[in-house]
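The values are calculated or read from the model by the stated rules, or taken from the named source; none is laboratory data. From a predicted model like this one, the values you see are computed outputs, not experimental measurements. Counting neighbours? That spans all protein chains shown, and the Cβs are built from the backbone with ideal geometry, glycine included. For the accessible areas, the whole protein counts, side chains as well, though only heavy atoms, and no ligand, DNA or RNA atoms are used. Shrake-Rupley method; radii C 1.70, N 1.55, O 1.52, S 1.80 Å.
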Amino acid sequence: MRKSSLLSILALALLSFVLGSCGGKEKNTQDGPKMDKLSIVMQNVSPECRDAIRKGNTSAFIEALDKTLRSDSVSAFDDNALNDKLKLFVVCDRDHPLSELYKPTELVTLQINQFYNICSDSLRLKKNAEKALRRMGEAARLENITLIVESAYRSHAEQKEIYDELLAAEERKPLRTDDIPGCSEHQTGYAVDFVDSSEKLKDWLSENSLNYGWSMTYSSESEYNPLHYRYLGVEACRLQKLWFGGSQRLMLEFIAEWRRVTKESQGK
């Protein structure tokens, strides 16, 4: 038996285990091609990503994934565009640094308003993220919590200045992923840091941010920052919560591989 055939069989077996039905039958849908794609993706993602996906109805998982990729927050992106990587779900970390040429479009300048406060009049954010920030800020205000944005979009050059200052500091602290040029989500235009105004704020964000499309990026023991949030859209946050154990990082890994396999199958 060919190695590739064996891998396909193992992937399908793994797929049945990870996304096995928890009672009831799968929907009889025309998901054949997507099931094939899913088996390929499951072969290629990390074991940690596979293990994070909860058991459940496979068709329901694919439906939730499709809904996320079709949502209004991502519909404006064209896979054939020159700036193909400028997407809501772009992976940005130590293993996948962004080019210094990466610059998001449709940035808007944040202004003081009734929904949130700002620490500087030079802060900028992607337009759809700013709208979602207003909605979240309005909800927080109803519970007497004020969101104060400390930082938002930073270019690669601006991030390098901060990085160089950190390296030159006498009391050098361990560098976070977000400190490194190219690895900071601030370069995407979708990330913000909030002022640490109260413990109540942190708890509120942790419990409610996903409802407004905002996800806490650094939530692990190795790297924890309860004040850094990235906008992904409500549908993506639902997918993250329901199918990936709340892990933004693993969901983005899966989506990136899904899109790569999709393009490959389309000959792009």
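Per-structure values
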item	result
Breaking point among (1) open to solvent by less than 70 Å² (accessible area, probe 1.4 Å); (2) modelled with pLDDT under 95; (3) out of contact with any Phe, Trp or Tyr (no Cβ under 9 Å at 6 or more places or on another chain), for E165	(1)
Verdict on V234 being within 21 Å of L123 (Cβ to Cβ) and either open to solvent by less than 10 Å² (accessible area, probe 1.4 Å) or in contact (Cβ under 8 Å) with a residue 60 or more places away in the chain (or both)	no
Unmet criterion (only one of (1) outside any helix (DSSP H, G or I); (2) over 18 Å from the mean Cα position of the chain (by Cα); (3) at pLDDT 95 or above; (4) of a type in the set (A, V, I, L, M)) for L125	(2)
Test: residue in region 1-21 that is basic (K, R) and modelled with pLDDT of 55 or more	no
Residues within region 252-268 that are modelled with pLDDT of 85 or more and surrounded by fewer than 15 Cβ atoms within 10 Å (Cβ to Cβ), tallied	3
Filtered residue count, region 135-154, keeping only those that are surrounded by fewer than 17 Cβ atoms within 10 Å (Cβ to Cβ), free of Cβ contacts under 8 Å to residues at least 60 places away in the same chain and within 19 Å of V234 (Cβ to Cβ)	2
